[in-house]
Amino acid sequence: MRKSIFIVLLLLAGAVSLNAETCITTKEHTDASYHHGTVEPASDSESEVWIGEGRIASIGEDHHLIFDFPGNRLTIIQLRDSSYVEAELPLDMTRIVAPEMAQRMTMFQTTGEVKALDEKKDIGGRECVCYFLGSWIDYMGTRFRETERTSWVTTDLPFDIVMLESYYDAVFRLNNFGSEYIEARKAVVGLEIFSESIQYSEGQANKSTAEVVEIAEKDPPAGVYTVPEGYVKKDVLTPR
C-alpha cells in the first residue's frame, strides 16, 4: 500500500513539473532627479518575465507583452488605456505606429557601443560576466539621454537562450534601438542578472539599478498569456 501511494505521489509531482514555467522577477530602483525646476522622487518597481514552451510573457507596471514564437506573434498590451496591438515577429515598428510617429522614431533612434569587460562574478549562485553598454540618441552632433550601463549577464539558465535572444530583439525595437546597436547588443548572450546605470540629462547624472531577485519554476497564474477582458484592439500603439 505504501509503495502504491509513493508511486502516485511521484506521478503527481511529474504532472506539476510539466506545467511549471520559469518566472524571472526583477526589481528596479531609480534615484531622485531634478528636471526643469521639478524634483522627481526616487522610484521602485518590480516586473516579471514568464518563460514557457515557445512563449514568453513580460509584465511591468504599464505594459504586458505576450510572445508566441511558433506563431511569430507579439501582443502588446497597454495597461494605461486598456488597449492592445498585435504584431508579427521579427518586429517592425513602422507597422504598428502612426506615420508621423514612425518618422520621429527614425530621427531619434538610440545608438551606442558594447564592450566585454574582463570580469567575472558569482551572483546568486550563477557565474556572470560583465559588459559595458553605452547608449545615446545622436541628433545634429549632440548626444541626448546618454547612458552608461554596467551589466552582469549569465548563461546558467533553465530555459532556451535562443528564445530569450528573440525576446530581447523585440524589446530593443520597442525601445527604438537602431539596427547597428541591436546587432552590437547581440554580443551580450544570456540574461542580465544585475545592472547599474547612469543617465546624463541636462547636466544631471541620474542613477538606477536593476536586479533579478528570483528565478523560479512555477505554475503561471491565469491570464499571463491572454489579453484581459474588455481591452480594445487597435491598429497602432498609443503615443507615450
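The values are calculated or read from the model by the stated rules, or taken from the named source; none is laboratory data. Note that the coordinates shown come from a computational prediction; the quantities given were computed from them, not determined experimentally. As a convention, Cβ positions derive from the backbone with ideal geometry for all residues, glycine included, and neighbour counts pool all protein chains shown.
Within this structure, E211 passes the test of being over 29 Å from A102 (Cα atoms) and either at pLDDT 95 or above or not basic (K, R) (or both).
The single condition among (1) touching a Gly at 6+ places or on another chain (Cβ under 6 Å); (2) in a loop (DSSP other than H, G, I, E, B) that P239 does not meet is (1).
Just one of the listed residues (I182, I137) is in a helix (DSSP H, G or I) and free of Cβ contacts under 8 Å to residues at least 40 places away in the same chain, namely I182.
So that you can scan it fast, the table gives a plain yes or no per residue for (1) out of contact with any helix residue (DSSP H, G or I) (no Cβ under 8 Å at 6 or more places or on another chain); (2) under 26 Å from T226 (Cα atoms); (3) modelled with pLDDT under 95; (4) assigned to a strand (DSSP E or B):
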site	(1), (2), (3), (4)
L18	yes, yes, yes, no
C23	yes, yes, no, yes
T26	yes, yes, no, yes
D44	yes, no, no, yes
S47	yes, yes, no, yes
E61	yes, yes, yes, no
H64	yes, yes, no, yes
F67	no, yes, no, yes
G71	yes, yes, no, no
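Select from segment 109-128 the residues that are more than 13 Å from E192 (Cα to Cα) and among the hydrophobic types (A, V, I, L, M, F, W, C) and write down the one among them that is surrounded by the most Cβ atoms within 10 Å (Cβ to Cβ). Among those residues, the one meeting the criterion is V114. Among the residues making up segment 42-72, those that are among the acidic types (D, E) and under 20 Å from E211 (Cα atoms) are D44, E46, E48, E61, D62. Taking the conditions (1) assigned to a strand (DSSP E or B); (2) within 29 Å of E214 (Cα to Cα); (3) at pLDDT below 95 in turn, V39 satisfies each one other than (2).
Screening E196 with (1) over 30 Å from P41 (Cβ atoms); (2) touching a residue at least 24 places away in the same chain (Cβ under 8 Å) gives one miss only, at (1).
Put simply, of R173, R143, R240 the only residue that is of a type in the set (K, R) and either modelled with pLDDT of 95 or more or surrounded by 18 or more Cβ atoms within 10 Å (Cβ to Cβ) (or both) is R173.
In the set (1) within 30 Å of T38 (Cβ to Cβ); (2) part of a helix (DSSP H, G or I), M163 fails one condition alone, (1). Here G190 passes the criteria (1) over 17 Å from the mean Cα position of the chain (by Cα); (2) at positive phi; (3) not charged (D, E, K, R) except the one numbered (1).
When segment 97-112 is limited to residues that are polar (S, T, N, Q) and assigned to a strand (DSSP E or B), the one that is nearest to P239 (Cα to Cα) turns out to be T110.
Residue-level check: of (1) of a type in the set (V, I, T); (2) farther than 28 Å from N206 by Cα; (3) in a strand (DSSP E or B), T94 misses just (3). When segment 215-236 is limited to residues that are in a loop (DSSP other than H, G, I, E, B) and charged (D, E, K, R), the one that is surrounded by the most Cβ atoms within 10 Å (Cβ to Cβ) turns out to be K234.
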